[in-house]
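Here the structure is laid out as structure tokens; the discussion comes afterwards.
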Amino acid sequence: QAQLVESGGGLVQAGNSLRLSCAASGRTFSGYGMGWFRQAPGKEREFVAAISWSGGIYADSVKGRFTISRDNAKNAVYLQMNSLKPEDTAVYYCAATAYGTSSRNANEYTFWGQGTQVTVSS
């Protein structure tokens with residue numbers, strides 16, 4: 001059974017960095033588009049970043065601060081988050097889409113992880 005497991009979340013002060021990891025298992029995700037989404041309390045889940053063979057795309061709110069990458073040999077995807085802000089506080093989810101493209105649309109993602117909490121204090 002395909003599974004995505006996120007790790008690397010935590011509590012950090014504003015301006016600091018975190019690196020999230022997403023370990024995939026149960027199948028090879030090298031041909032899948034991989035994405036990161038987040039959900040803050042009381043808000044809807046929102047797109048953060050995605051990566052595929054065509055490269056990475058980002059939400060405007062994180063562009064220039066976050067970097068998505070993947071290691072197909074390890075069946076993993078990462079999110080380097082720099083210059084963190086309190087408004088980045090959310091549960092971050094890793095997701096995979098069989099479409100193979102970088103998509104901002106959560107409905108196109110088939111597999112989801114359980115999420116990892118990121119809290120940024122001011």
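The values are calculated or read from the model by the stated rules, or taken from the named source; none is laboratory data. Note that the coordinates shown come from a computational prediction; the quantities given were computed from them, not determined experimentally. A quick note on method: Cβ atoms are made from the backbone with ideal geometry, for glycine too, and the neighbour counts reach across all protein chains shown. What goes into the accessible areas is simple: the full protein's heavy atoms, side chains included, and nothing from ligands, DNA or RNA. Shrake-Rupley method; radii C 1.70, N 1.55, O 1.52, S 1.80 Å.
The number of residues in segment 26-65 that are modelled with pLDDT under 95, buried (at least 16 other Cβ atoms within 10 Å of the Cβ) and under 11 Å from Asn75 (Cβ atoms) comes to 2. When we screen Val12, Val77 for residues that are under 21 Å from Val118 (Cα atoms), under 11 Å from the mean Cα position of the chain (by Cα) and part of a strand (DSSP E or B), the only hit is Val77. Across segment 103-122, which residue is farthest from Trp36 (Cα to Cα) among those that are more than 14 Å from the chain's Cα centre (by Cα) and open to solvent by 70 Å² or more (accessible area, probe 1.4 Å)? Out of the qualifying residues, it is Ser122. Contact map, segment 6-25: residues that are within 10 Å of Tyr78 (Cβ to Cβ) and surrounded by 13 or more Cβ atoms within 10 Å (Cβ to Cβ) paired with residues that are at pLDDT 95 or above and among the polar types (S, T, N, Q), Cβ distance under 6 Å, separation 6+ or inter-chain. Pairs shown: Gly8/Ser21; Arg19/Gln80; Ser21/Ser7.
Residue by residue through segment 66-102, note down the ones that are charged (D, E, K, R) and either within 22 Å of Arg27 (Cβ to Cβ) or open to solvent by less than 20 Å² (accessible area, probe 1.4 Å) (or both).
From segment 66-102, those charged (D, E, K, R) are 70-71, 74, 85, 87-88; that's our starting set.
Correct list: Arg70, Asp71, Lys74, Asp88.
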